[in-house]
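A.B. asks: Once you've had a glance at the structure underneath, I'll fire off some questions.
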């Protein structure tokens, strides 16, 4: 919005040309989101407390977490407000790529809102049932995947429509341009063509999978939000480089025109996340809830797809991956051993993984900070793929 206004007035006020620089608007987006989060935080927490939307702690969970019962949840609303307002203020409204990120973020946030609402209003720790939750997440994810399949390699909405028409005329068998191939990191020329259906399937899995992975991780004070900030910031760098014809050619990565604008969103996400951490640090005054975790995970997945770095997201988000796999393996092993031996056995003391380490004697702060450190190291590995080829 401010970018459009600055363009309208820059002939009369030359200093407004600074708004044309993505880096300036990204910094301002970060600052704006941080200030919104910090100043609105107390009011949001008071409102949630007054509405008695306290966290319902599962009785079969960690005993040390029972004291958290009643702490206001649904604090992810604060993050989404800060991201939404800041992004809309500083983004280029005509950009075709930032809108699907916003739609996925707010769409998944709406699903999380309903889930949290049922938990706190109906006092049901399980919230929305899995089938219903995945239906709505899948609907949003598939719509985004279909749009991105044609918009990633098209510079204008008109070209998006042309690609869709060409795909239909080809009998739904048209190959997508090289920019939409699956990129293998650490290699200069290895990439795999996906086709439209393959792109949609991969994109759906990345968006929905990342969303649920962040949600699994959101179990300790500050555990999910800081890795989200770090991974999102790294993806913002990838977006800026991918959107530049000069840098993308030099680094041998796909050039996606318009992708640089995603740096605005990533900056807003980082600022909003840091502001939320101010209130979510141990002992937390507010929890993010599904409304925040599902939304932020979906945003990370969507950005990674646009900048063609799905595998790098898998690396940088290794903590999210480990948390998810720990749940899958725990449940799968339990069912397998129960069927075979008549008694279910466990691979971990408790899943997700952060509870396993708590059971082993790590206190909550140790788990959180050590997972942060692991995330920092994995992000450095992910960033190294820009040159190590």
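A.B. asks: Which members of the range 10-23 meet the condition of being part of a helix (DSSP H, G or I), at pLDDT 75 or above and loosely packed, with under 14 Cβ neighbours inside 10 Å?
C.D. replies: 17, 18, 20, 23, listed by residue number.
A.B. asks: Could you tell me whether any residue of the range 198-221 is over 21 Å from the mean Cα position of the chain (by Cα), surrounded by 15 or more Cβ atoms within 10 Å (Cβ to Cβ) and closer than 24 Å to residue 254 by Cα?
C.D. replies: Within the range 198-221 (the criterion being over 21 Å from the mean Cα position of the chain (by Cα), surrounded by 15 or more Cβ atoms within 10 Å (Cβ to Cβ) and closer than 24 Å to residue 254 by Cα), the answer is yes, since at least one residue qualifies.
A.B. asks: Considering only residues that are in contact (Cβ under 8 Å) with a residue 40 or more places away in the chain, surrounded by fewer than 20 Cβ atoms within 10 Å (Cβ to Cβ) and over 19 Å from residue 288 (Cα atoms), which ones fall in the range 97-136?
C.D. replies: Scanning the range 97-136 gives 103, 134.
A.B. asks: Among the numbered conditions (1) closer than 30 Å to residue 151 by Cβ; (2) at pLDDT below 95, tell me where residue 362 comes up short.
C.D. replies: Every condition holds for residue 362 apart from (1).
A.B. asks: Okay, moving on. Give 213, 180 a once-over and let me know the one that is in contact with a helix residue (DSSP H, G or I) (Cβ under 6 Å, 6 or more places away or on another chain) and farther than 27 Å from residue 165 by Cα. Outline the logic, then answer.
C.D. replies: Values: 180 fails: farther than 27 Å from residue 165 by Cα.
The conditions single out 213.
A.B. asks: Tell me yes or no: at least one residue of the range 213-227 is without any contact (Cβ under 8 Å) to a residue 12 or more places away in the chain and over 19 Å from residue 84 (Cβ atoms). Steps first, please.
C.D. replies: Within the range 213-227, the first condition is being without any contact (Cβ under 8 Å) to a residue 12 or more places away in the chain, and the residues that meet it are none.
No: the range 213-227 contains no residue that is without any contact (Cβ under 8 Å) to a residue 12 or more places away in the chain and over 19 Å from residue 84 (Cβ atoms).
A.B. asks: Here's a follow-up. One residue is enough: does the range 54-75 have a residue meeting the conditions touching a strand residue (DSSP E or B) at 6+ places or on another chain (Cβ under 9 Å), at pLDDT 80 or above and in a helix (DSSP H, G or I)?
C.D. replies: There is no residue in the range 54-75 that is touching a strand residue (DSSP E or B) at 6+ places or on another chain (Cβ under 9 Å), at pLDDT 80 or above and in a helix (DSSP H, G or I).
The values are calculated or read from the model by the stated rules, or taken from the named source; none is laboratory data. Everything quoted here is computed from the prediction, not taken from an experiment. Here Cβ is always computed from backbone atoms with ideal geometry, including for glycine, and neighbour counts include all displayed protein chains.
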